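What follows is one structure encoded as structure tokens, with my remarks underneath.
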Amino acid sequence: MTELRIGPDRSVTLHFALKLDSGEVVDSTFDKKPATFKVGDGNLLPGFEQALYGLKAGDKRSLAIAPEHGFGQPNPQNVQTMPRNQFQDMELSEGLLVIFNDAANTELPGIVKSFDDDRVTVDFNHPLAGKSLSFEVEVLDVQPA
């Protein structure tokens, strides 16, 4: 019997660490419970899943993920400038995370990039957009989904 490899219709349990080029760890399960997901269920971005295809239980890899296969490139249209009066009673600072709700009441996080007495510029791009990432994985189990 052959060992199951990661691909469509598989359930995968693994440990992972997501790192920036600087080596800074953005997220990791190595010090906690491993992650389990079904390939294609949306828990991992497609580019991360594709990088895992063909791996089997026991495999350990460090995979380079380009921005196009991770969180994409920053979109200039996702940087918005708004009137300062929309931020009444807020103590603003560059880098501050602010949350807005869209028409469907979905939360939209943004990062304050700059502000003055009249305007506030907020970046709604994913914080990892445009970043090359290292995706370290240790595959623990692969099962039929």
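Here are the numbers for this structure:
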read-out: Strands (runs of 3 or more DSSP E) contained in region 53-120 and holding at least 2 residues not assigned by TED's automatic domain parsing to the domain that holds ALA17; value: 79-83, 97-101, 107-115
read-out: Condition met for LEU52 (among the hydrophobic types (A, V, I, L, M, F, W, C) and within 22 Å of ASP27 (Cβ to Cβ)); value: yes
read-out: In region 2-21, residue nearest to LEU128 (Cα to Cα) [restricted to those that are among the hydroxyl-bearing types (Ser, Thr, Tyr) and under 21 Å from the mean Cα position of the chain (by Cα)]; value: THR13
read-out: Complete set of residues in region 98-129 that are modelled with pLDDT under 95 and loosely packed, with under 10 Cβ neighbours inside 10 Å; value: ILE99, ASN101, ASP102, ALA103, ALA104, ASN105, THR106, GLU107, ASP117
read-out: Within region 1-30, considering residues that are acidic (Asp, Glu) and under 19 Å from SER62 (Cβ atoms), the one surrounded by the fewest Cβ atoms within 10 Å (Cβ to Cβ); value: GLU24
read-out: Any chance GLN80 is over 13 Å from the mean Cα position of the chain (by Cα) and surrounded by fewer than 13 Cβ atoms within 10 Å (Cβ to Cβ); value: no
read-out: Residue count, region 121-138 (criterion: assigned to a strand (DSSP E or B) and under 17 Å from ALA66 (Cβ atoms)); value: 5
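Residue-by-condition table, conditions (1) free of Cβ contacts under 8 Å to residues at least 40 places away in the same chain; (2) within 13 Å of ILE6 (Cβ to Cβ); (3) loosely packed, with under 12 Cβ neighbours inside 10 Å:
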position	(1), (2), (3)
LYS32	yes, no, yes
GLY40	yes, yes, no
GLY47	yes, no, no
ALA51	no, yes, no
LYS56	no, yes, no
ASP59	no, yes, no
SER62	no, no, yes
ALA66	no, no, yes
HIS69	yes, no, no
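Quick grid of which residues meet (1) under 30 Å from THR36 (Cβ atoms); (2) of a type in the set (Asp, Glu); (3) in contact with a Lys or Arg (Cβ under 6 Å, 6 or more places away or on another chain):
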| residue | (1), (2), (3) |
| --- | --- |
| ASN85 | no, no, no |
| GLN88 | no, no, no |
| PHE100 | no, no, no |
| THR121 | no, no, yes |
| ASN125 | yes, no, no |
| ALA129 | yes, no, no |
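The values are calculated or read from the model by the stated rules, or taken from the named source; none is laboratory data. Values in this document were obtained by computation on a predicted structure and should not be read as measured data. Every residue, glycine among them, receives a Cβ derived from its backbone with ideal geometry; neighbour counts consider all protein chains shown.
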